[in-house]
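Visitor: Below is one structure. I have some questions about it.
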């Protein structure tokens, strides 16, 4: 029995293995994401830099054969510093992780608190696509040396090589990015824990907001294909991030939640970063989601109206207003759309928008109506006006000045009879009426009916 227990003790790691469970690093060229790489590059011959401070909890759990878990890394605080130089279509960069604090325990109960340097990584990217292509395409090649110091599991005992395909595009006002890569690194396994080479993906969707700010959702997943079970192989993380730019300086922050149970998947992660991004090719001055390199109107925001929404320009619409009076277009009617006033049917150019039109014509009820100006195609707005009416009531009297109560009247051109008690609504016009009563001659009279 003592021999059996001694064998179990030896099966547990007696020191922290030389592996690097820290998957997160700041995406050097990205201005919309913290970890997802975009294809954009800066101006030829320019420098760029990024830094991020992250705090992750339990990124490395050791799982024994009996299912017991040991928090080999309970907490990991890292300052990632990155910089690069742009050679037009390519960029060479470097990542230097500084371990501010790493805490953990061994299965034996021995506690650890450590700090130092992580594995320094070189990062090369080449962009195949042109700035005005609808889909950005780039490849990245990264390699690190075992430069980590200290005893904590924050660096590999051998070299690491990553190859990665970067894709991104913009649809309407949203930036989508996808990274697909392979990571070749040293292998370590012990009981139910495994660490080794992996295929991975990063993806994200970013929404620019006014005032040079925005938010993004990011997801990372990794599968170490040498593991004996899915639980050992899979790790991942979802993050909600945001940014705010002040000139060439960007402030970034985010929060992550771990997925899966493989090494590298934290319980939680908090992030705060800063970036120096001079004149990236995906700069968006008017914040319409279309980068300046492809935006034909970089200082005027595109109006998303289903018509030429990718050229970056608001699409003027030729608008013709027709004011209908009694079913006929009236060229003397006056109208006002926003701050633009007009008369008749002369066309005007407007951008896509919801707006208000006011129309008026003498003798007709003025109207105020909400309209939607669609982008691109010509548009005719028809506004019918309702004519104002006058009222007529007849009070006939005899030669003595007395009211004739049994009198009736009608239009000379019609047969409908009205009593003296009735009030008739009549369109403004000149009319002739006749008045009749028993014992009296028929009388006629010419009247002018006015509105109201």
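Visitor: Picking from 273, 236, which residue would you name as being buried (at least 18 other Cβ atoms within 10 Å of the Cβ) and over 19 Å from residue 58 (Cβ atoms)?
Guide: Just one listed residue meets the conditions, 273.
Visitor: So, in the range 202-215, exactly how many residues are assigned to a strand (DSSP E or B) and either surrounded by 17 or more Cβ atoms within 10 Å (Cβ to Cβ) or modelled with pLDDT under 90 (or both)?
Guide: 9
Visitor: Still on this model: Out of (1) touching a strand residue (DSSP E or B) at 6+ places or on another chain (Cβ under 7 Å); (2) part of a loop (DSSP other than H, G, I, E, B); (3) modelled with pLDDT of 85 or more, the odd one out for residue 451 is which?
Guide: Failing condition for residue 451: (3).
Listed here are the residues, each with its yes/no results for (1) surrounded by fewer than 19 Cβ atoms within 10 Å (Cβ to Cβ); (2) over 18 Å from residue 57 (Cβ atoms).
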residue	(1), (2)
104	no, no
108	yes, yes
116	yes, yes
124	yes, yes
130	yes, yes
134	yes, yes
144	no, yes
147	yes, yes
152	no, no
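Visitor: Looking at 181, 155, 104, can you tell me which residue is under 39 Å from the mean Cα position of the chain (by Cα), touching a residue at least 12 places away in the same chain (Cβ under 8 Å) and under 15 Å from residue 20 (Cβ atoms)?
Guide: One residue alone meets the criteria, 155.
The values are calculated or read from the model by the stated rules, or taken from the named source; none is laboratory data. Everything quoted here is computed from the prediction, not taken from an experiment. Every residue, glycine as well, gets a Cβ built from its backbone with ideal geometry; the counts of neighbours run over all protein chains shown.
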